[in-house]
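Asker: Mind having a look at this structure? Questions to follow.
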Amino acid sequence: MTQNTQTSPVASSLHAAPQLSSQPGPGEKERVVLAYSGGLDTSVCIKWLQEEYGLDVIAVVGDLGQEHDGLEAVKAKALATGAIGCAVVDMRQSFADEYLACALAANAMYENKYPLVSALSRPLIAKHLVAVAHQFGAKYVAHGCTGKGNDQVRFESSVLMLDPALQILSPVRDWDLGCRADEIAWAAAHNVPVKATAEAPYSIDDNLWGRAIECGVLEDPWCEPPADIYTMTVDPTEAPDAPTYVEIDFEAGVPCALNGETMPFLDIIYALNDIAGGNGFGRIDMVENRLVGVKSRECYEAPAALTLIQAHKALEDLCLERSVLHYKLTIEQAWAETVYNGLWFSPLKEAFDAFIAHTQQCVTGTVKLKLYKGSCTVVGRKSVYSLYDFGLATYDADDAFDHAAAKGFIDIHSLSCKVWAENRLANDARMPAFADVDATNAAYQAVVEEAEDIIEHAGAAVA
Ligand code: ARG
C-alpha cells in the first residue's frame, strides 16, 4: 500500500459528485449517507442498511492521506455492493489547514502522548456526511464503528451538533452478526465482496497525522509490538547512521517552509512523515483511557505530527510571555481532551481556539531539529519575536540583570509564607491544622536537636 503523495486536489471522475436527484423521488426509498472505507465492516453496512432498514445508501469516502490501494477501487466496491452513489472527497487540504493547524497550535496530545490522529479526522468526515445528506435529501447518516470505541462518539456528536434533525444509524453496534467468521459468512451470502486474503490481525486507522494500530497481540499490554505493525517509521536500529537536520519555519504558528523552501503546510506534513519516519522517529506505545471507560493498549506512529509539535513548542518557548505560556499548557490539555471526546464542534472548543489563535500571532520563526535513530531533538531556534534577552540571561561580563533587585524581590515574594512560618513556630507547630503531622514534627524536632548537639560539640572541639 502507498500513501497518496499527490497533494494538489485534481478534478477527476473519481471526485465527481454522484448523479442523483436532490431528494428521493416519489415511491423511492429514503436515503442514508454512510461513512465508507472499503473494508469488510462498512461494506456489510451497505447491504445491512438496504436489507434491514430498507434504505438507499450513498457512500462517502474521505481521502485524508491514508494508505490505500486506489480510491477508484473503493468507489467501485461501494457501487458494486449496492450503494446508489459514492462521493469520494479529497479532504486533505482542509484537514491540514483547518484541523491539523489548530491541533498543532494547541500542541495537542491526549494524555500527553497521543497526537489525536483519529480524533481529528472524525469531525471532518462527519461534516461531509452532513453536507452530502443535505445535498441529496437524506434523513439518515450512518457509520461503521463498534460500540466500545471513541470514534462512534466523535461521529455522532459531530453530526448532532451540525444538524440535530438528522438521524444516526450505527449498524455495526446494533447488528447481531457475532464474530468475524459470522460476518464473513453473512457477507458472502449477501454478495458483499470479501477479500480472499487472511484477516488482518490489527485494526488500523490512518491519515496524514499518523497511524493507529490496535487489537491482535497488542491487546496484551506486556507484549512488545511486533516489527510488522509499523509502516510509516523504520525500525530505529535500522535507521541511517548519520543524523538528518531539518529546519522548519513557522508563520503565526503555522509551518510555512522546510529547509528554507517555502511550501504549503500539507506538503510539509508529507515531507516530514518521510524524513522523520525514515529516521525511525514517531512511534508511540501506550495504554490509553477511552471516553467509554475502557483502558486500551494502543500503538501509533506519527512522525510528522510529533516532529512538528516539538518544533512548535520550542518556538513558543522563545516567543510566548511566561504567564501566557504557562496558562496555555492547561488550555492545551483541555483542548486535547475535548477533541478526543468528540466535541470538535462544541462552543468550549471554539472558545479554546480563540485563546490559542491569539497566542499564535507572534509564533513566527525557525526551529532546527536533529533526527537520529528514533530520536528528534531541537538543537536551535530563532525568531524576530524572541523574548530571550542575552543581557538578562548571560553569566558573562555583559550581564544586565539587576542582582541587587533579586534580594528585595525574594523578601516580598516569600513574605506571606514567612509570616505563616513564624506563626507556626510561635504556636510550637501545634495548631489544629498540623495535628496530623505532630508525629512528623516530633521526629523532625528530634533530628534538629541532634543536629544542634553535634554542632555544639563540634564547636567545642574546635575551640
Ligand atoms: N484510540 C485512538 C482514538 O481513539 C485510535 C482509534 C483508532 N481507530 C481504529 N479503528 N483503529 O483516537
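Every number in this text was worked out from the coordinates using simple rules, so none of it is lab data. What you see is a predicted model, and the numbers here were worked out from it, not measured in a lab. Virtual Cβ from ideal backbone geometry, glycine too; neighbours counted across all protein chains shown.
Asker: For segment 388-427, which helices (runs of 4 or more DSSP H) that fit wholly inside it have 2 or more residues that are among the basic types (K, R)?
Answerer: 415-426
Asker: Any chance segment 117-127 includes a residue that's within 14 Å of the ligand (Cβ to nearest atom), among the charged types (D, E, K, R) and assigned to a loop (DSSP other than H, G, I, E, B)?
Answerer: No: segment 117-127 contains no residue that is within 14 Å of the ligand (Cβ to nearest atom), among the charged types (D, E, K, R) and assigned to a loop (DSSP other than H, G, I, E, B).
Asker: For segment 204-233, give me each residue that is more than 10 Å from the ligand (Cβ to nearest atom) and buried (at least 21 other Cβ atoms within 10 Å of the Cβ).
Answerer: N207, L208, W209, L218, M232, T233
Asker: For segment 336-393: of the residues being closer than 30 Å to M161 by Cα and touching a strand residue (DSSP E or B) at 6+ places or on another chain (Cβ under 7 Å), which is nearest to the ligand (Cβ to nearest atom)?
Answerer: It comes out as Y340.
Asker: Of the numbered conditions (1) part of a loop (DSSP other than H, G, I, E, B); (2) in contact with a strand residue (DSSP E or B) (Cβ under 9 Å, 6 or more places away or on another chain), I275 fails exactly one; give the number of that condition.
Answerer: The failed condition is (1).
Asker: I'm checking my understanding of the structure. Among residues of segment 25-48 that are among the aliphatic types (A, V, I, L, M) and in a strand (DSSP E or B), which one is nearest to S203 (Cα to Cα)?
Answerer: A35
Asker: Look at segment 278-297 and say how many of its residues are part of a strand (DSSP E or B) and either without any contact (Cβ under 8 Å) to a residue 60 or more places away in the chain or within 13 Å of the chain's Cα centre (by Cα) (or both).
Answerer: So the answer is 3.
For every residue, the table says whether it meets (1) surrounded by fewer than 21 Cβ atoms within 10 Å (Cβ to Cβ); (2) closer than 21 Å to C145 by Cβ.
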position	(1), (2)
Q50	yes, yes
G54	yes, no
G65	no, yes
D69	yes, no
E72	yes, no
Y99	no, yes
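Asker: Among the residues of segment 391-419, how many are exposed (fewer than 10 other Cβ atoms within 10 Å of the Cβ) and under 24 Å from Q445 (Cα atoms)?
Answerer: Number of matching residues: 2.
Asker: Oh, and also: So if I check each of D182, D228, D249, D206, which one is assigned to a helix (DSSP H, G or I) and under 25 Å from the mean Cα position of the chain (by Cα)?
Answerer: None of the other options fit; the residue is D228.
Asker: Turning to a different aspect of this structure: Go through (1) within 24 Å of the chain's Cα centre (by Cα); (2) without any contact (Cβ under 8 Å) to a residue 12 or more places away in the chain; (3) away from the ligand (no atom under 16 Å from the Cβ) one by one and return the number of the condition M161 breaks.
Answerer: Result: M161 passes all but (2).
Asker: Let me ask something else. If only one of E261, E301, E316, E247 is away from the ligand (no atom under 16 Å from the Cβ) and in contact with a Gly (Cβ under 7 Å, 6 or more places away or on another chain), which one is it?
Answerer: E247 is the lone residue from the list that is away from the ligand (no atom under 16 Å from the Cβ) and in contact with a Gly (Cβ under 7 Å, 6 or more places away or on another chain).
Asker: Is at least one residue of segment 353-369 in a loop (DSSP other than H, G, I, E, B) and surrounded by 11 or more Cβ atoms within 10 Å (Cβ to Cβ)?
Answerer: yes
Asker: Out of curiosity, is T146 over 17 Å from L343 (Cβ atoms), in contact (Cβ under 8 Å) with a residue 12 or more places away in the chain, within 16 Å of the ligand (Cβ to nearest atom) and not aliphatic (A, V, I, L, M)?
Answerer: yes
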